[in-house]
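Remarks on the structure that follows.
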Amino acid sequence: MIEFLQQLLNGISLGAIYALLAIGYTLVYGVLRFINFAHADVFMAGAFIGWYGGQFMPSNSIGSGLAVMGMAMVGTALLGMAIERFAYRPLRSAPTLNVLITAIGVSLLLEYSGQKFFGAAPRHFPPLFPRRDFNVGHLTVSSDQLLVIGVTAVLIVLLQTIIYRTRIGTAMRAVSLNPRAASLVGVNNNRIISFTFALGSALAGAGGILYASNYPAIDPLMGVMPGLKAFVAAVLGGIGSIPGAALGGLVLGIVETFVGGSSLSSGKDAFAFAILIVILLFRPSGLLGRMNVEKV
Amino acid sequence: MRLSVVFSAGSEMVHSSHRLALLGTLALGAALMGCRQKSSAPANSIVVGEFASLTGKEATFGQSSNEGLILGIEEANATGGALGKQIHLVVEDDGSTNGEAITIVKKLISRDHVVAVLGEIASGRSLEAAPICQEEKIPMISPGSTNPAVTQKGDYIFRVCFIDPFQGTAMAKFAHDQLHLNRVAVLSSATAPYSAGLAHYFEERFRADGGEIPIEEKYNDGDKDFRAELTAIKAANVQGIFVPGYYSEVGLICAQARELGITAPLMGGDGWESPIMLQLAGAAADNCYYSTHYSPQNTAPNVQSFVKRFQKRWNGETPDAMAALGYDCAGVFVDALKRAGSTDPQALRDAIAATKNYPGVTGVTTIGPDRNAVKPAVIIELEHGESHFLQTVAP
Amino acid sequence: MEPRPRFLLPAPHWALLGGLALSGAAMAAAPSIDPYYLEILTNIGINVILAVSLNLVNGYTGQFSLGHAGFMSVGAYVSAALTLFVAPHWPTPLIFFVALLAGGVVAALAGFLVGMPSLRLRGDYLALVTLGFGEIIRVIFQNIDSLGGALGLNGLPPDTNIFWVGAWVAATIFVVVCLVHSTYGRGFLAVRDDEIAAAAIGLNTTRYKIIAFVVGAFFAGVAGGLYGHDKLTISPAGFDFTKSIEIVVMVILGGMGNTLGVVAAAIILTVLPEVLRPVADYRMILYSLILIVLMIVRPDGLFRIRRRTS
């Protein structure tokens, strides 16, 4: 029973990180209808920004930790906007396949530039937040895990507020429903799309910091697997739906953790893909999504 | 499928773009063929090749052994080289990637005309290169690959370190006899051949001694989260965990194990040997033990002298086991070269095979009939994030 | 327009015969060629087969598959199992040919199994599902201990030589070109250009997609067999999605749906790393920049194909 609860806790904390990343994917897909492969590397960039930031901040206080996270979020937001502006915007009217390929190109560029300039070997991520382990009976909860869950919850609430209670959020929803109609009623599509990228990338940046705090070995390829899994989570929850992405992330994190604790542990990556395949075959709209009929 | 329909289809006009493509490739090909790679080795020198993982996941292994090797070659050259010539070292990086070793070793042999190939630390990549060296009859000396299969590739393949059966057995004995552990879990990598091999030998000996291994978990290289596996291990109530992996994952495993409240000792092999391991584990590196090839704290005079010379050459860096192995690899090569009296591959091979009691910094090295070195292992203990030498295990 | 004159056989058939003859000649000259160059030529050949076979799927049929390396690994393992375990004492040319065919066939079967569920999906989803299948195949091999597990297999007999590589390159290009210029090719192009319209006029789009996928997988399997018997070592980690992406880059650079362009791209992208070895760490950065710039500036690839408008 204790093991089950511990694994559940591990799963929720892993799932929260996937949720943050998945929301980023879903936001971009909502407005641009393509999968931003480079999102995972923005996540990695966030972790590296945090690494550099952590050198300057006095460590071990929640305030400085949050400051570094804020710095990372700003940095990744800018990176995301730059990527959109220079790599994706010229292809706005091109077939989706081309944009997909560009996204792969951007992803590879970030990864290999990172390898060149930071070195491919993992480096130690400094502890940004004070560490404490709480023991509830036989259960061990680390403060980092709690932080992940807490920050994710706050960010999701913040996001929902922005999307449903602000004008810019309404504009975002308009663009994702029908870009042409949105521009006809006066929405500046380009600005909204930039803003969406900024938002998604900032979440990725936060995710990068939280991930690095929990698993303090960062390297330029650290985003690849979490990115793929977060995408699976987004699809699982219903691509285009933010609560879906959060739910998908949580479910995936929990399932992956339980598989990892079993004898099939080395197959846990493949398991995530198996889930993707099953979902796409049997319920392509995901858990919380709606069926989209493609009109000609 | 109606094949007749398919294959009787006529051809199309050759588009001008096709012609352009063709011309372009031909031009490139011609340019390449004409392009002779200038040999950068100075005339009248002996060329030896090294392949190592200078970048990538196991970068510290490659970089350390490379530094040790370079020091060894430089020292040999300073005392006149061998056979009256200077030794020129050509280094290629395999980027810790599968498949690269094959291409670069072929290049070293056929383009650089090396008399011997020195490398690698990671067993998987040595296994890739060994068949090629054997096929081309160029002696290969691995400084630190411990998987037994490497030297079984042929009689031109040697190593200057111990092999996993010995290492695994040594750690099993240590766990059982010295730490008095009877129930141990094994957490190994599913993707690194070294890890699977070492785990196997540990388990064999540990069970033979009467120990129990109630749970075995695997992870993939590159994984960051081991809490799932560790939680399952914790629930199995074991007295210790054997983690025969590479430092990048082991560091995180140590940290997460302690976080989850696992106080049992963690044990491992020479894959732990890296400064990054301590960084990643931090203060959680406590009550941990691993076997390796040497310790800089060994008070033997030749070891201390080596440590000082290495620090002088490489900006105060203290040599780790991989560096020491690289140094000894170079040393054995030069020694064999002198004894062979020529660069003829067969003679060189025989001289290497005849290496006896070479005074290496990783121990007195004798190459046995199976082309492995019979050497003692060293067990290092990690306490509060610091490593110190615990004991030597004789072969 | 007059029908193009045929000299006994259509042009592609002459090309095939020519290719086979060239391979034979190369084989005869092999002992006098520097082994490093031979290795590069072998690598080029294998990459050409991979790129051309993927081009059939990605380029001509417009299905973005990111799991090609998975089929390659199936071919590699099956052929290795045959040459190592099942019939190691058969005469080499025979067993090697049989092994390569077997590898291709099993890979084609895998292609069918992967294709059936996946090809109902579009664009990005298909890409990810194929990537997923590639990973699943890799993990399966990692866990089959009789095939070496994570260690993989080594000590494969060095059966690959320049003749086999050249012959299979010729065969692959021949089959793909013939397929594309037949009614099947019309089907592929229709599916690529507008799948909904194609379905609306009664084409069985799934059938065409699967055929392309299976043929592509077959040749990927053959390439895998050739690869294994050249490197003499195969391990699951060597066939991951990085490898798939490398092949995809060749197809994109060459121009999706331009066989000759893809061949040229494969040659360039095999030779370039060797030429750029001194600056190897910048190589991938260069590749990714090429991808991005190419998509914006010349999305049809370096060697643009003039589409026939008739």
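The values are calculated or read from the model by the stated rules, or taken from the named source; none is laboratory data. Since this is a predicted model, take the numbers as computed values, not measurements. Virtual Cβ from ideal backbone geometry, glycine too; neighbours counted across all protein chains shown. Accessible surface is based on the protein model in full, side chains and every heavy atom, while ligands, DNA and RNA are left aside. Shrake-Rupley method; radii C 1.70, N 1.55, O 1.52, S 1.80 Å.
Can you name every residue in the stretch B:51-69 that is within 12 Å of chain A (Cβ to nearest Cβ) and among the hydrophobic types (A, V, I, L, M, F, W, C)?
Within the stretch B:51-69, B:LEU54, B:ALA59, B:PHE61 meet the criteria.
Provide a single number: the residues in the stretch B:174-224 that are away from chain A (no Cβ under 13 Å) and either within 30 Å of A:GLY15 (Cα to Cα) or part of a strand (DSSP E or B) (or both).
3
So that you can scan it fast, the table gives a plain yes or no per residue for (1) within 14 Å of another protein chain (Cβ to nearest Cβ); (2) aliphatic (A, V, I, L, M):
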{"residue": "C:PHE71", "(1), (2)": "no, no"}
{"residue": "C:VAL78", "(1), (2)": "no, yes"}
{"residue": "C:PRO91", "(1), (2)": "no, no"}
{"residue": "C:LEU94", "(1), (2)": "no, yes"}
{"residue": "C:ALA108", "(1), (2)": "yes, yes"}
{"residue": "C:LEU121", "(1), (2)": "yes, yes"}
{"residue": "C:VAL129", "(1), (2)": "yes, yes"}
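Is there any pair with a first residue in the stretch A:232-252 that is touching a residue at least 12 places away in the same chain (Cβ under 8 Å) and within 14 Å of chain C (Cβ to nearest Cβ) and a second that is open to solvent by 10 Å² or more (accessible area, probe 1.4 Å) and outside any helix (DSSP H, G or I) whose Cβ atoms are under 6 Å apart and which are 6 or more apart or on different chains, and what are they?
That search, which allows pairs on different chains as well, returns A:GLY238/A:SER285; A:GLY238/A:LEU287; A:GLY238/A:LEU288; A:GLY238/A:GLY289.
How many residues are at pLDDT below 80, among the small types (Gly, Ala, Ser) and not in a loop (DSSP other than H, G, I, E, B) when one looks only at the stretch B:31-57?
2
Does A:GLY30 satisfy the condition of being part of a helix (DSSP H, G or I), over 17 Å from A:LEU109 (Cβ atoms) and more than 14 Å from chain C (Cβ to nearest Cβ)? I'd like the intermediate steps shown before the answer.
Working: part of a helix (DSSP H, G or I): yes; over 17 Å from A:LEU109 (Cβ atoms): yes; more than 14 Å from chain C (Cβ to nearest Cβ): no.
So A:GLY30 does not fit the description; no.
Restrict the check to the stretch B:126-141 and report whether at least one residue is away from every other protein chain (no Cβ under 14 Å), under 25 Å from C:GLY238 (Cα atoms), within 17 Å of the chain's Cα centre (by Cα) and crowded, with 24+ Cβ neighbours inside 10 Å.
The initial filter retains those residues of the stretch B:126-141 that are away from every other protein chain (no Cβ under 14 Å), namely B:139-141.
Within this subset, residues satisfying the condition of being under 25 Å from C:GLY238 (Cα atoms) are B:140-141.
Next, only the ones that are within 17 Å of the chain's Cα centre (by Cα) stay: B:140-141.
The next check asks that each one be crowded, with 24+ Cβ neighbours inside 10 Å; those that pass are B:140-141.
The answer is yes; a qualifying residue exists.
Working carefully through the options C:GLY152, C:GLY62, find the one that is more than 14 Å from chain A (Cβ to nearest Cβ) and not polar (S, T, N, Q).
Details: C:GLY62 fails: more than 14 Å from chain A (Cβ to nearest Cβ).
It is C:GLY152.
Counting just the residues of the stretch C:219-251 that are aliphatic (A, V, I, L, M), part of a helix (DSSP H, G or I) and at pLDDT below 85, which one comes out farthest from C:ASN58 (Cα to Cα)?
Of all residues in the stretch C:219-251, those aliphatic (A, V, I, L, M) come to C:220, C:222-223, C:226, C:232, C:234, C:237, C:245, C:247-251.
Pick out the ones that are also part of a helix (DSSP H, G or I) and you get C:220, C:222-223, C:226, C:237, C:245, C:247-251.
From what is left, the residues that are at pLDDT below 85 are C:237, C:245, C:249.
Working: C:ALA237: 24, C:ILE245: 12, C:VAL249: 11 Å.
Among residues in the stretch C:219-251 that are aliphatic (A, V, I, L, M), part of a helix (DSSP H, G or I) and at pLDDT below 85, the one farthest from C:ASN58 (Cα to Cα) is C:ALA237.
So which of C:ARG138, C:ARG120 ends up being in contact with an Asp or Glu (Cβ under 7 Å, 6 or more places away or on another chain) and farther than 13 Å from C:ALA220 by Cβ? Lay out the reasoning, then the answer.
Numbers: C:ARG120 fails: in contact with an Asp or Glu (Cβ under 7 Å, 6 or more places away or on another chain).
None of the other options fit; the residue is C:ARG138.
Conditions first: (1) aliphatic (A, V, I, L, M); (2) more than 24 Å from A:MET81 (Cβ to Cβ); (3) in a helix (DSSP H, G or I). A:VAL141 passes all but one, so which condition is the exception?
(3)
Looking at (1) open to solvent by less than 10 Å² (accessible area, probe 1.4 Å); (2) touching a helix residue (DSSP H, G or I) at 6+ places or on another chain (Cβ under 6 Å); (3) farther than 30 Å from B:ASN220 by Cα, which one does C:LEU226 not meet, given that it meets all the others?
Result: C:LEU226 passes all but (3).
Quick check: anything in the stretch C:17-37 of a type outside the set (Gly, Ala, Ser) and either in contact with a Leu (Cβ under 6 Å, 6 or more places away or on another chain) or open to solvent by less than 10 Å² (accessible area, probe 1.4 Å) (or both)? Walk me through it before giving the result.
Initial filter on the stretch C:17-37 (of a type outside the set (Gly, Ala, Ser)): C:17, C:20, C:22, C:27, C:31, C:33-37.
Narrowing further to those that are either in contact with a Leu (Cβ under 6 Å, 6 or more places away or on another chain) or open to solvent by less than 10 Å² (accessible area, probe 1.4 Å) (or both): none.
So far as the stretch C:17-37 goes, no, none of its residues is of a type outside the set (Gly, Ala, Ser) and either in contact with a Leu (Cβ under 6 Å, 6 or more places away or on another chain) or open to solvent by less than 10 Å² (accessible area, probe 1.4 Å) (or both).
Check the stretch A:188-202 and report whether any residue there is buried (at least 22 other Cβ atoms within 10 Å of the Cβ) and closer than 30 Å to A:ILE2 by Cβ.
Within the stretch A:188-202 (the criterion being buried (at least 22 other Cβ atoms within 10 Å of the Cβ) and closer than 30 Å to A:ILE2 by Cβ), the answer is no, since none of the residues qualifies.
Condition check ((1) within 12 Å of another protein chain (Cβ to nearest Cβ); (2) more than 21 Å from C:ALA51 (Cβ to Cβ); (3) buried (at least 19 other Cβ atoms within 10 Å of the Cβ)) across all residues:
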{"site": "C:ALA170", "(1), (2), (3)": "no, no, yes"}
{"site": "C:VAL180", "(1), (2), (3)": "yes, no, yes"}
{"site": "C:ALA190", "(1), (2), (3)": "no, yes, yes"}
{"site": "C:THR206", "(1), (2), (3)": "no, yes, no"}
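Which residue is nearest to the other protein chains (Cβ to nearest Cβ), if the candidates are limited to the stretch A:65-82 and must be open to solvent by 20 Å² or more (accessible area, probe 1.4 Å) and closer than 14 Å to A:ASN36 by Cα?
Ranking the candidates gives A:ALA82 first.
Select from the stretch A:109-140 the residues that are of a type in the set (D, E, K, R) and buried (at least 22 other Cβ atoms within 10 Å of the Cβ) and list them in ascending order.
So in the stretch A:109-140, the residues of a type in the set (D, E, K, R) come out as A:111, A:116, A:123, A:131-133.
Answer for the stretch A:109-140, where residues must be of a type in the set (D, E, K, R) and buried (at least 22 other Cβ atoms within 10 Å of the Cβ): just A:GLU111.
Under 7 Å between Cβ atoms, at least 6 apart or on separate chains: pull out the pairs that start in the stretch B:143-161 with a residue that is open to solvent by 10 Å² or more (accessible area, probe 1.4 Å) and end on any residue that is acidic (Asp, Glu).
B:ASN147/B:ASP164; B:PRO148/B:ASP164
Looking at A:VAL106, A:VAL148, A:VAL185, which is the one that is within 20 Å of A:LEU199 (Cα to Cα) and either more than 10 Å from every other protein chain (Cβ to nearest Cβ) or free of Cβ contacts under 8 Å to residues at least 60 places away in the same chain (or both)?
Values: A:VAL106 fails: either more than 10 Å from every other protein chain (Cβ to nearest Cβ) or free of Cβ contacts under 8 Å to residues at least 60 places away in the same chain (or both); A:VAL185 fails: within 20 Å of A:LEU199 (Cα to Cα).
Answer to the check: A:VAL148.
Out of the residues in the stretch B:144-173 that are touching a strand residue (DSSP E or B) at 6+ places or on another chain (Cβ under 7 Å) and in a loop (DSSP other than H, G, I, E, B), state the one that is nearest to B:LYS106 (Cα to Cα).
Ranking the qualifying residues of the stretch B:144-173, first place goes to B:TYR156.
Could you say which residue among C:GLY155, C:GLY148 is small (Gly, Ala, Ser), within 30 Å of B:ALA190 (Cα to Cα) and surrounded by fewer than 17 Cβ atoms within 10 Å (Cβ to Cβ)?
Working: C:GLY148 fails: surrounded by fewer than 17 Cβ atoms within 10 Å (Cβ to Cβ).
Only one candidate qualifies: C:GLY155.
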